[in-house]
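See below for the structure under consideration.
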Amino acid sequence: VGRKEVEWDIEIFLRDKLPALKDDDRIGVVAKRADGLFIYAATVVRILNPTELSPSEQKTQLAELLKRWPRNNDGNTIEIDVLYREVIQSSFQRLGMHMPSRLTILHTILCAAEPLSVTTIADLLKEEEATIKQLVDSLHAVLAVSSRDSCIYWYHTTFQDFFFDSEWTQ
């Protein structure tokens with residue numbers, strides 16, 4: 001499938017999932033930045049969370065996202081990495097937790113051989129369950145707690161790959 005067709009499909013997906021923004025020209029910008037990756041578009045949809053944000057809040061949030069995520073032209077970083085970096089930094093800045101604690105929790109979630117529950121992670125790390133839940137909730141664009149088994153999952157392996165790239169903190 002050609003790049004333009006994929007970009008168009010992503011734009012259709014975004015306009016469908018974000019009906020308040022369906023006529024907004026900036027949706028095309030997001031589709032282009034997705035660079036053929038539907039996970040990029042799906043992550044943006046989760047950030048703009050149409051079930052919790054009003055249409056005007058979605059428009060404001062989209063403007064903020066595009067302003068904070070300048071187009072990466074260095075040729076070495078893919079756009080999904082820029083998106084993931086922003087999701088993590090934004091989450092960590094909002095929380096009052098100590099940075100090493102947040103990183104330890106996230107490392108535990110991503111390093112486990114199989115998905116772990118909030119309770120299990122809290123027991124392993126001697127942390128409060130509320131602390132683990134708060135971090136996971138703040139990372140809702142990339143992590144979710146399953147209602148089926150109460151375990152924490154990441155939406156796509158590109159997030160795990162990104163997180164363990166030693167250059168993500170730059």
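Residue by residue, here is whether (1) open to solvent by less than 30 Å² (accessible area, probe 1.4 Å); (2) out of contact with any Asp or Glu (no Cβ under 7 Å at 6 or more places or on another chain); (3) of a type in the set (A, V, I, L, M); (4) at pLDDT below 90 holds:
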site	(1), (2), (3), (4)
ILE78	no, no, yes, yes
LEU95	yes, yes, yes, yes
LYS133	no, yes, no, no
VAL145	no, yes, yes, no
CYS151	yes, yes, no, no
ASP161	no, yes, no, yes
ASP165	no, yes, no, yes
THR169	no, yes, no, yes
- Would you be able to say whether some residue in the stretch 54-63 is surrounded by fewer than 17 Cβ atoms within 10 Å (Cβ to Cβ), modelled with pLDDT under 85 and either of a type in the set (Gly, Ala, Ser) or within 30 Å of TRP8 (Cα to Cα) (or both)? no
- Return the pairs, sorted by first residue and then second, in which the second residue is of a type in the set (Lys, Arg) and assigned to a helix (DSSP H, G or I), the first residue lies in the stretch 37-54 and is over 15 Å from ASP16 (Cβ atoms), the beta carbons are less than 9 Å apart, and the residues are 6+ apart or on different chains. TYR40/ARG33
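Conditions tested, residue by residue: (1) closer than 19 Å to TRP154 by Cα; (2) of a type in the set (Gly, Ala, Ser).
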position: MET99; (1), (2): no, no
position: ILE109; (1), (2): yes, no
position: ALA112; (1), (2): yes, yes
position: PRO115; (1), (2): yes, no
position: ILE121; (1), (2): yes, no
position: GLU129; (1), (2): yes, no
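The values are calculated or read from the model by the stated rules, or taken from the named source; none is laboratory data. In this text, all values refer to a predicted model and were calculated from it rather than measured experimentally. Neighbour counts are summed over all protein chains in view; Cβ atoms, including those assigned to glycine, are modelled from backbone coordinates with ideal geometry. All accessible areas refer to the heavy atoms of the entire protein, side chains included, with ligands and DNA or RNA removed. Shrake-Rupley method; radii C 1.70, N 1.55, O 1.52, S 1.80 Å.
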